[in-house]
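Below is one structure, written out as structure tokens, with a few remarks after it.
The values are calculated or read from the model by the stated rules, or taken from the named source; none is laboratory data. This is a predicted model, so every value here is computed, not measured. Every residue, glycine among them, receives a Cβ derived from its backbone with ideal geometry; neighbour counts consider all protein chains shown.
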Amino acid sequence: MKKQNRQMRLRFIVISTAILLSFSGLAQDSEVAIDKIIAKVDDYIILKSELERSYLDFLSRGEARGSNAKCNILQQLVVNKMLMAQSEIDSIFVDDSEVNLSLDRRMSVMAQQFGGESEIERAYGKSITQIRAEIFDNIKEQLTIQRMQSELTSGMKVTPSEVKKFFKNIPQDSLPYFSTEVSVAQIVKEPKPGKSQKDKVRNLMLDIRERLERGESFAALAKQYSQDPGSAARGGELGFYSRGELAPEYEAASLSMSPGEISMPVETQFGYHVIQLLEKRGNTYKTKHILISPQPNQEDYKRAENYIDSIRTLITLDSITFQSAAKEHSDDQQTSSAGGYFQDETGALRIPAEQLDPNIFFTIDTMKIGNITKPLRFQKEDGSYAFRIIYYNNKIAPHQANLNDDYQKIAAASLAQKRNLKISNWFDKARGNVFIEVDPEYDYCNLTN
């Protein structure tokens, strides 16, 4: 029985905890609104609502029902709380500024999906401030767990022989079947605002600063003008940051002021800021700011288009490779380091065709392999526009997994299993050193044995 339980744990303990710590905590569904403590791990608790939400998420992905599934999900929740407890022992902490950055990114994605912050508030019946407050602790826990997992599995690798052994042990009828995959790369050029646009914003910031000096409310002006979605809702407040965490120009201006003082416009990579220093505490400081980013005009757009077209010309003349040009010139951070290529979750330089952005999918559908498009204008996730050229490198027909075509994917799965085993072994040893109490309703899961 213990061997079966251990095998079960190995199959289900998952390194990524995003599915367990998500926006589902905001759900209003009465089916999961059960506030009963079902497990305690030292000072941490697990509510039945957490388990039920995670189980519903599990089912929504088409997984099979069953008591074993709930046990495995509950165990993952217990492991997460144990990792949190261990992080305190090992002094592994996540700074609030890092949490806020992650929270800002998630709220930005939500705003894109819902069509604006007001639509998010309407959907959840709560203010953005309330939603951020509810999500904050979940994100902090998630980031802490990820950091602890990285500590426990740091430096782990798999050898080619381990990959082959892993693949050999997969039953033939269990080998995954991959749909059509494509190898596609891009070079992106974002139009940068020129001097005229920058001067326009700087003059507006000078006017805002003058209004602040005359006594107008910083919070009111931040909510009206600031383009930092995270802090604008809080009246411009950023909280405490340590040296080196914010843009150097922002930090230098903040630390040169006295509490209460308001800066002249400060330019960073994000735009222009008017900053008010609130408090200094040791090596940390607290500020609030108003941010306005200059927007490119038609001239700036034309300059970006001409620039990326000149890069395309150099590539077609064999003066530079597409990969080198992408690493050196592309403004898209997600693809530039891989030579412009879109990657799957394992890092392989090809992805299922259906996962491509629809615009790119329909573009390559009209291309021949080896071709490069002319500059194409497109809309980014944040709503701004940029130009890109697309290189259609290869197309891989649907096939069953094999070592020749899918080594990188198989190696990633092999490494994940090795890491899971490490976490499982750690759980078996560590659970004897912490207080774990599980509701008798879940005794059949054998989590405390």
* Subset of the range 105-143 that is aliphatic (A, V, I, L, M) and within 18 Å of ARG53 (Cβ to Cβ) - its residue that is modelled with the lowest pLDDT -> MET110
* **Residue selected from the range 207-233 under the condition charged (D, E, K, R) and touching a strand residue (DSSP E or B) at 6+ places or on another chain (Cβ under 9 Å), by the criterion nearest to SER108 (Cα to Cα)** => ASP228
* Asked: Are there any pairs with C-beta distances below 7 angstrom linking a residue in the range 88-108 that is over 20 Å from ARG243 (Cβ atoms) and in a helix (DSSP H, G or I) to a residue that is modelled with pLDDT of 85 or more and among the aliphatic types (A, V, I, L, M), with the two at least 6 apart or on different chains, and if so which?
  -> SER102/ILE139; SER102/LEU143; LEU103/ILE135; LEU103/ILE139
* Asked: Out of the range 437-449, which residues are closer than 21 Å to SER87 by Cβ and surrounded by fewer than 18 Cβ atoms within 10 Å (Cβ to Cβ)?
  -> GLU437
* Asked: Within the range 78-120, can you find the residues that are hydrophobic (A, V, I, L, M, F, W, C), closer than 25 Å to GLN130 by Cβ and surrounded by 18 or more Cβ atoms within 10 Å (Cβ to Cβ)?
  -> MET84, VAL94, VAL99, LEU103, MET107, MET110, ALA111, ILE120
* **Neighbours by Cβ (under 7 Å, 6+ apart or cross-chain): first from the range 379-394, assigned by TED's automatic domain parsing to the domain that holds LYS327 and surrounded by 14 or more Cβ atoms within 10 Å (Cβ to Cβ); second modelled with pLDDT under 90 and assigned to a loop (DSSP other than H, G, I, E, B)** => ALA386/LYS380
* Pick from the range 121-135, criterion touching a residue at least 12 places away in the same chain (Cβ under 8 Å) and over 22 Å from GLU237 (Cβ atoms), ranking: surrounded by the fewest Cβ atoms within 10 Å (Cβ to Cβ) -> GLY125
* Give the residues of the range 321-358 that are more than 27 Å from LYS157 (Cβ to Cβ), without any contact (Cβ under 8 Å) to a residue 40 or more places away in the chain, of a type in the set (Ser, Thr, Tyr) and in a loop (DSSP other than H, G, I, E, B), sorted by residue number. => THR321
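This table checks each residue for (1) part of a strand (DSSP E or B); (2) within 30 Å of THR153 (Cα to Cα); (3) touching a Pro at 6+ places or on another chain (Cβ under 6 Å).
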{"position": "ILE360", "(1), (2), (3)": "no, no, no"}
{"position": "MET367", "(1), (2), (3)": "no, no, no"}
{"position": "GLY383", "(1), (2), (3)": "no, no, no"}
{"position": "ILE390", "(1), (2), (3)": "yes, no, no"}
{"position": "LEU421", "(1), (2), (3)": "no, yes, no"}
{"position": "ASN425", "(1), (2), (3)": "no, yes, no"}
{"position": "GLY432", "(1), (2), (3)": "no, yes, no"}
{"position": "GLU441", "(1), (2), (3)": "no, no, no"}
{"position": "THR448", "(1), (2), (3)": "no, yes, no"}
* Asked: Any residue at all in the range 136-149 that is of a type in the set (Asp, Glu), more than 17 Å from ALA232 (Cα to Cα) and surrounded by fewer than 18 Cβ atoms within 10 Å (Cβ to Cβ)?
  -> yes
* All but one of (1) in contact with a Gly (Cβ under 9 Å, 6 or more places away or on another chain); (2) not assigned by TED's automatic domain parsing to the domain that holds LEU74 hold for ALA412; which doesn't? -> (2)
* State whether one or more residues within the range 302-320 are farther than 30 Å from ARG209 by Cα, part of a helix (DSSP H, G or I), touching a helix residue (DSSP H, G or I) at 6+ places or on another chain (Cβ under 9 Å) and among the small types (Gly, Ala, Ser). => no
* Asked: Taking PRO248, is it crowded, with 18+ Cβ neighbours inside 10 Å and in contact with a strand residue (DSSP E or B) (Cβ under 9 Å, 6 or more places away or on another chain)?
  -> no
* Single residue of SER91, SER49, SER16 found to be at negative phi, modelled with pLDDT of 60 or more and assigned by TED's automatic domain parsing to the domain that holds ALA430 -> SER49
* With (1) modelled with pLDDT under 90; (2) not assigned by TED's automatic domain parsing to the domain that holds PHE93 as the list, and PHE166 as the residue in question, which single condition is left unmet? -> (1)
* For residues that are buried (at least 19 other Cβ atoms within 10 Å of the Cβ) and either among the β-branched types (Val, Ile, Thr) or under 16 Å from ASP207 (Cα atoms) (or both), tally how many sit in the range 252-270. => 3
* To do: Within the range 111-121, track down each residue that is closer than 23 Å to ALA219 by Cα and either charged (D, E, K, R) or over 18 Å from the mean Cα position of the chain (by Cα) (or both).
  => GLY116, GLU117, SER118, GLU119, ILE120, GLU121
* Asked: Counting only residues that are aromatic (Phe, Trp, Tyr) and under 18 Å from GLU190 (Cβ atoms), how many does the range 285-316 have?
  -> 2
* Scan of the range 252-301 for residues that are free of Cβ contacts under 8 Å to residues at least 24 places away in the same chain, in a helix (DSSP H, G or I) and of a type outside the set (A, V, I, L, M, F, W, C), ordered by number -> GLN298
